[in-house]
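Bear in mind these aren't lab numbers, they're just calculated from the coordinates by the rules spelled out. From a predicted model like this one, the values you see are computed outputs, not experimental measurements. Glycine gets a Cβ as well: all are built from the backbone with ideal geometry, and neighbour counts include every protein chain shown.
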Number of protein chains: 2
Amino acid sequence: MSAYVGKYTTDFRHLYVGRTEAVLRPRTVEEVQLVVRILAKHGVPLVPQGGNTSYCTAATPNVDGTEVVVSLERLNKVREIDVGNMSMTADAGCILSALHDAASDVDLMLPLSLGSQQSCQIGGNLSTNAGGIAVVKYGMARDLVLGLEVVLPDGTLFSDLNSLRKNNSGYDVKQLFIGGEGTLGIITGASLKLARKPKATVTAFLAISDIADLSILLDRAQRFTGDAVTSFEYVSNNSLQLLLGKKPDLRHPLEQTSGHYVLLEASTSSHVLDLQGAVDALLEEAMGEDLVTDGTIASNEEQRNAFWHLRESIPEGEVLNGGSLKHDVSVRTSRLATFIEEASRIVKANSPEAILSVYGHVGDGNVHFNVVPPAGTGSVEFKAQFEGSVSPLIYRLTAEMGGSFSAEYGIGRVKLDLLATYGDPGKVALMKTLKKALDPGGHMNPGKVVAGDDRPHL
Amino acid sequence: MSAYVGKYTTDFRHLYVGRTEAVLRPRTVEEVQLVVRILAKHGVPLVPQGGNTSYCTAATPNVDGTEVVVSLERLNKVREIDVGNMSMTADAGCILSALHDAASDVDLMLPLSLGSQQSCQIGGNLSTNAGGIAVVKYGMARDLVLGLEVVLPDGTLFSDLNSLRKNNSGYDVKQLFIGGEGTLGIITGASLKLARKPKATVTAFLAISDIADLSILLDRAQRFTGDAVTSFEYVSNNSLQLLLGKKPDLRHPLEQTSGHYVLLEASTSSHVLDLQGAVDALLEEAMGEDLVTDGTIASNEEQRNAFWHLRESIPEGEVLNGGSLKHDVSVRTSRLATFIEEASRIVKANSPEAILSVYGHVGDGNVHFNVVPPAGTGSVEFKAQFEGSVSPLIYRLTAEMGGSFSAEYGIGRVKLDLLATYGDPGKVALMKTLKKALDPGGHMNPGKVVAGDDRPHL
């Protein structure tokens, strides 16, 4: 029996190559229902797929070829934009950047910003509760959802698309499907909150000498700007150097190197408040106190784009240096500096040759604590070795500090072991109860998020 | 068999007087678990109770006296405040205003503001996903929750109290208990987001002649203040006059009466941005365009309190006029003015003698479309008559306009019929599935939220 192998079966990070007998691409919600009903009737497991940009192989089929891929890519219409309600209703298969454009056309914005926004789909963003670079102001994908439309594992429809900001009429069941990674149903449509477009945006690239000052600077920035900070992104000097070393055309925004950098962006929808003045005052104070040792504010859109290009190229810098082993962890923002220091010590003690690449969304307590193989080392072997020996120590530290082993990537199939080890047993038991109640046949994206008895009973 | 009748068995609005054989008041989470286990073992149904301030009798036991009340009032400790993380972990039985004070002591705030905050408890606030007067900026109670601790119907514990802002490690199961009204488990503790205290607050009482201008004014206010509007409360002239007529010591803030008023409050944590100047500029423009016909800005804390006292006394004004029949509805903010006009026409056509008292949180599309009996009428008879004949027309209009029959009050036992009539069948079916999965014995707050087969199987 031959099976298709290609873009629908290979995950974004090339961690996993699955196989499938069929890729179904329904054009309507009714067709999704029909497909799900027929597959359920015949006991055929299925994998819902959006842009297939999951970082934890949540959207790729298994290697045994028994799972059918249901791609949402043809469900790609913006159904409605209500400017007065500041809401948008869209099909699940809409590309995120297309929704950005649609919102922009009516002078509003959809404030979900991800590296993969040119190819990821909103249904996948919601199924994985995506994070990104604007969480500090606008929250996670979950926080943008007013309503969902979901095809349940038996083919029936749940719909909650009235675009209301307040609705306490029973359990908020839509929440289960947000971050459910397609294991409880297939999101086919969503109603989303939009935001007002900024009238002023101030972007600064700042150097910090002591990592413990990160949280002090964030708090100070929020106090000066009136909680107008939209992004507060940390970049370690290591991460920046890995990138600049391979991309000589990119320019370091500051004259001197420092141990730590912050890409700070604040924005306001107000045309009368002086946000630029507030950031100037912030920097004057912060530099006077040596909280910030050096810094530059983008004076035009080109410079702003250059700062962001640097930040967004950090993962590419890792790839050009042999790729990275990723630890997507979060702790309380109050513990983040300590976590980075402790975890760095662990790496130095146990794998002194490893190159750290630490960066992330520290405004949310989320750091990508990544490790790059030393130059000249076999990348695959190094990562396997590190993952088996040092990663567990990093995750144990995360757990001891009350953190999470998956801040924004999710579980998929690659973090099932971590969930079993570090997940709260009460939560894991509840997850199994919910999976069994909503998908008793176990056909819906089996082997992801909930381990064990969720395989289909053929 | 005699049974206790008193504060634990009578609901806040005196709609329902239940009975009970026992009120249990555990002192620890372990005692809650023990109580739940023992009651489950003997098939005894229980009613979790916080401050018992539900507007839909969600926290009062049944009339037959078979249900045991489990009061959380002795679980009333603030467990921890992490200033750097801007979070607070508290027992479910903490009075909301006590949490306000605890946050204020460390120069932060818990931005959940309710009329009943002197007696309601945080566990109840979360179980009902409470709204209140600051939703337009800070969201519903749900939006403030970082984690929950819940005793499940079998006495086991689910706990998620790590106070993380980002955590995609599996289904976000805590969401089920927020707004679950105690039917899926008993919330015993919660971790909550705190906010920075405002450094500047501007409060204005504004007159509007055309209700359709409400949403235009809100949008304008957000654009001038950079989304710093914390409250945007609508008060109809009727509601204000009902109050002033019975409370001659209260003063109308404006010299001339108008059809509609807005209590607008904006605040910022910034000490450098000129929020007052932004509101001044807003009002100059809005009054120049007759969007606002009259208005006054509170010049000191005393005046600000006077504006808020008026707004918060509106329900008391209704009580002094014979009480009101409440319709807690929401529609899209873009449809709110049309809803109020249409619903008012329906009332005028079908019950011309009824006095409308319309007010609410229009920034969230939520209006309390209340009806007060005409002077000299028997209040009870009028309300029963209206509820049977005109209320269904109001709810039908709400449904036709894509709105909700319960914006913030919840379902309890009093809105089960409305849920059956207007709830999405897919959602109601899912709610039943969830109830059955999590509380198969049906002991947990039976007869609330989910109707039908949730009675205990004795």
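In segment A:325-413, what GluC sites (Glu not before Pro) fall in a loop by DSSP, with at most 15 other Cβ atoms inside 10 Å? Don't jump to the answer; show the numbers that get you there.
Details: sites: A:E341, A:E342, A:E353, A:E381, A:E387, A:E400, A:E408; in loops: A:E353, A:E408.
For GluC sites (Glu not before Pro) across segment A:325-413 that sit outside H, G, I, E and B with at most 15 neighbouring Cβ atoms in 10 Å, the list reads A:E353.
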Taking the label point 7 Å from Cα in the Cβ direction, how far apart in nm is A:H42 from each other copy of itself, listed shortest first? 5.5
Of the listed pairs A:K137/B:K193; A:K174/A:K197; A:K197/B:K137; A:K435/B:K415; A:K41/A:K415; B:K137/B:K193, which have alpha-carbon separations greater than 21 Å here? A:K174/A:K197; A:K435/B:K415; A:K41/A:K415
Using a 7 Å offset from Cα along the direction of the beta-carbon, what are the separations from B:N237 to the same position in each other copy, nm, ascending? 7.0
Angle between chain B longest axis and helix B:213-225 axis [Cα atoms, degrees, rounded to 10]: 90
Measuring from the longest principal axis of the C-alpha atoms of chain B, the long axis of helix B:336-350 (C-alpha) lies at a number of degrees, nearest 10, equal to 80
Could you work out the mean count of beta carbons from other protein chains within 10 Å of each residue's beta carbon in B:271-281? 5
How many angstrom lie between the C-alpha centres of segment B:210-256 and segment A:298-358? 49
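If you place +1 on the Cβ of every Lys and Arg and -1 on the Cβ of every Asp and Glu, how big does the dipole about the Cα centre of chain A come out, in debye to the nearest 20? All intermediate terms of the calculation are to be shown ahead of the outcome.
Values: 41 positive and 53 negative charges, 274 e Å.
The calculated dipole for chain A is roughly 1320 debye.
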When a/c reaches 1.5 or more, the comparison of a/b and b/c decides; with that in mind, is segment A:282-406 rounded, prolate or oblate per its Cα gyration tensor? oblate
List the relative contact order of segment A:78-196 as a percent without decimals, with contacts defined as Cα pairs under 8 Å and 6+ residues apart. 33
Put +1 on the Cβ of each Lys and Arg and -1 on the Cβ of each Asp and Glu in chain A; which of A:W308, A:Q118, A:V32 then has its Cα farthest toward the positive end of the dipole? A:V32
Principal axis dimensions, largest first and in whole angstrom, of segment B:264-327 by Cα: 46, 30, 22
With N residues in the protein assembly as shown, Rg(alpha-carbon) / (2.2 N^0.38 Å) equals 0.94
How high is the relative contact order of chain A, in percent, counting Cα pairs under 8 Å that sit 6 or more residues apart? 16
Could you list which residues have their amide H under 5 Å from that of A:V68, counting only those 5 or more apart in sequence or on another chain, with H placed in the peptide plane? A:L46, A:V47
Reference-scaled alpha-carbon Rg (2.2 N^0.38 Å with N residues) for segment B:53-104: 1.53
Long-range HN-HN contacts of B:L194 with modeled amide H, under 5 Å: B:S87, B:M88
Apply the a/c threshold of 1.5 to the C-alpha gyration tensor of chain B and tell me whether it is rounded, prolate or oblate. oblate
Other copies of B:V106: label-to-label distances in nm, shortest first, labels 7 Å along the beta-carbon direction: 4.1
When only C-alpha pairs under 8 Å and at least 6 residues apart count, what is the relative contact order of segment A:328-400, in percent? 36
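What Kirkwood radius, in Å to one decimal, follows from the Cα pairs of segment A:328-400?
Working: mean 1/r = 0.0797 Å⁻¹.
By the Kirkwood definition, the hydrodynamic radius is 12.6 Å.
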May I ask for the angle, rounded to the nearest 10°, between helix A:96-105 and the longest principal axis of chain A, with both axes built from Cα atoms and the value confined to 0 to 90°? 70
³J(HN,Hα), Karplus 6.51/-1.76/1.60, whole Hz, each residue of segment A:27-32, x for Gly, Pro: 9, 9, 4, 4, 5, 4
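Can you tell me the order of A:57-67, A:182-192 when each peptide is scored by its average per-residue count of other Cβ atoms within 10 angstrom, highest first?
Values: A:57-67: 22.2, A:182-192: 27.7.
Going by the mean number of other Cβ atoms within 10 Å, highest first, we get A:182-192, A:57-67.
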Taking the Cα centroid of segment A:394-433 and of segment B:277-292, what is the distance between the two, rounded to the nearest whole Å? 52
Return the long-range amide H neighbours of B:K448 (sequence gap of 5 or more, or a different chain), with a cut-off of under 5 Å between placed amide H atoms. none
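So what's the back-of-envelope 222 nm ellipticity for chain B, counting only DSSP H runs of four-plus at -39500 (n - 2.57) apiece and dividing by all residues, rounded to 500?
On the way: 14 runs with 151 residues, N = 458.
It comes out at -10000 deg cm²/dmol, rounded to the nearest 500.
Apply the a/c threshold of 1.5 to the C-alpha gyration tensor of segment A:189-291 and tell me whether it is rounded, prolate or oblate. Walk me through the intermediate numbers first.
Values: a/c = 2.02, a/b = 1.34, b/c = 1.51.
Oblate, since a/c reaches 1.5 and b/c is not below a/b.
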Would you tell me the mean number of C-beta atoms belonging to other protein chains that fall within 10 Å of each C-beta in B:84-97, as a whole number? 2
Among B:S231, B:N76, B:G182 the positive-end extreme of the charge dipole of the protein assembly as shown (Cβ point charges): B:G182
